[in-house]
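Structure first, commentary second.
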Amino acid sequence: MKNLVLTTSLLVFLTVTGCQENLLESTPYGQTASNNFWRNGDDVVAATNAIYAPLLNEDGYAHTEYTFDNCSDDMNRAGDHPDETSLELFTFDATNSHIGATWSTKYEVVSRANAVLINAPKVTMDETLRKRSLGEAYFLRGFVYWRLSLIYGEVPLILEADATAGNFNKAKSSIADVQAQVESDWLKAADLLDVYYGGDNAGRVHKGSAYGFLTKLYVYQSKWDKAIEMGTKVTTNATYKLASSYDQNFQLTSENGSEALFSLQYKQGWTTDNSPAYYHTVGAWGGWGFHEPIEDLVNEFEANDLRRAYSVLVEGDTVDRKANGKTAFTADMTRITGHAFRKYTNFSDSGDMDQGLNTPQLRSADVYLLVSEAKIRSGKNGDTELNTVRSRAGLKAKTNATMTDIMHERRVELAGENERHQDLMRWDKAGLIDIVAHYKKDRGPFKPGRTFSKPKHYYFPLPQREIDLSNGVLKQNTNYQ
């Protein structure tokens, strides 16, 4: 899968989208952009592989997505880019470069997915491959619309009919309508995809990917019965069982294991010079060392929690750097906080930092905790799922677990995986925490109190450039006007 995505992405970008400066002026996807494309099943598979590709770049998920979680109480931005400072401090505006970059990257994924959904049904090809390709296109379109809805709230929905008609300059849809489209796309994906893809196709999304994200969607919507129904399709299926050891999710040799419901497939020397590994690994070991955990997160781990040593580094931890031997981590290796995220750092046999480590977007452990939360918040007992996750971490079981237990467990299990800020906001909307007071708290010199304004900061502003290009069609989010 890694090679397939990488070697076809440039070809398909050129043949499907052409050399366009502005997606608002792009060629309708109902028309063939090249007489030499959409000839057979190989072309459809190549185009499908290329849908994944924009997600791998710096403005997809390698860096920009993590800048949004800098807002959380887990990490310091640690970089030297002013736009990241404003995100962390809630002083950003609509011209912020990350806010603009992630928009365009995600709509490129939408464009590529629409191209497959329009053209794949017309091609004479193997039906099994057609179903898989369509399922992947639906899933990935749903995935980016999900992220768009979390980041911006109301966004334009550009679907097959719009692409065919060249109707790209559209007004925003409501959050409810965007989430309804996400649900529809993921349900179609679940119907079309196989239970799992292995071998050369390991890393492709599958039924478990769709079921897992549907679970997350339904939890965000407080649809507890649906969340439990979809989540149970993951937690009771041995195909998606938890890795036997937490660290296996973050090792090159076991990265596409059963727990990896959806991971971005990086490959050293092929995908990008700026993978998540590059941004999280300390400079002394070949990375840039952005997104540093703070002491408050380190202290959240219980004594003897096996996840701590493989999640975050503290003074004196030892890391095997292959040819460079075992090296002790020291606080002065970091830019600011004295800590680093361990889970994104691997080394090649030669001892170099390896950027080929995949980046999980959804793990089964996340779904276990979502099912537990859905049960607790609907008046049921969520101990089984919660304790499955805790048991792997070497911790004692909880009895009659509460939302306080869920909040703790999600923070340490998913540390640095771009979930914390969104979790805190949804719990605030449910009245379970006071996010204004939470972010106002001084958590030390690297995370002073900050001012979160409700409801303004539940969402980021739409990129000013996109509003300007729309000639008045696209309206700024109300709280930023």
**Message:** For a test of understanding, tell me how many lysine pairs in segment 353-481 have Cα atoms under 30 Å apart, given they are 8 or more places apart or on different chains.
**Reply:** 23
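Just how large is the dipole of segment 106-185 about the Cα centre, in debye to the nearest 20, putting +1 at every Lys and Arg Cβ and -1 at every Asp and Glu Cβ?
In debye, rounded to 20, segment 106-185 gives about 160.
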**Complete:** With Cα coordinates, the longest principal axis of the chain makes an angle with the long axis of helix 127-152, in degrees rounded to 10, of 60
**Given charges at beta-carbon only (K, R positive; D, E negative), |dipole| of the chain in Debye** = 1000
**Prompt:** In whole angstrom, how far apart do the alpha carbon centroids of segment 78-146 and segment 307-372 sit?
**Reply:** 27
**Complete:** Neighbours of residue 441 by Cβ distance under 12 Å: Lys/Arg at +1, Asp/Glu at -1, summed charge 0
**Request:** Positive end of the charge dipole of the chain (Lys, Arg +1 and Asp, Glu -1 on Cβ, about the Cα centre): tell me which of 449, 369, 66 has its Cα farthest that way.
**Result:** 369
**Message:** So if each residue of separation counts as 0.36 nm, and I subtract the Cα-Cα distance between residue 176 and residue 222, what length gain in nm does that give?
**Reply:** 15.3 nm
**Request:** Report the local net charge at residue 361: Lys and Arg +1, Asp and Glu -1, summed over other residues whose C-beta lies under 11 Å from its C-beta.
**Result:** -1
**Prompt:** Is segment 45-157 best put as rounded, prolate or oblate by its Cα gyration tensor, with a ≥ b ≥ c the root eigenvalues, rounded for a/c under 1.5, and otherwise prolate when a/b is larger than b/c, oblate when not?
**Reply:** prolate
**Prompt:** Residues with amide H under 5 Å of residue 242's amide H, sequence separation 5 or more or different chain, H placed in the peptide plane at 1.01 Å from N; which?
**Reply:** none
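Each value in this text was obtained by applying a stated rule to the coordinates, not by laboratory testing. None of these values were measured; they are calculated from a predicted model. Cβ: placed from backbone, ideal geometry, glycine included. Neighbour counts: every protein chain shown.
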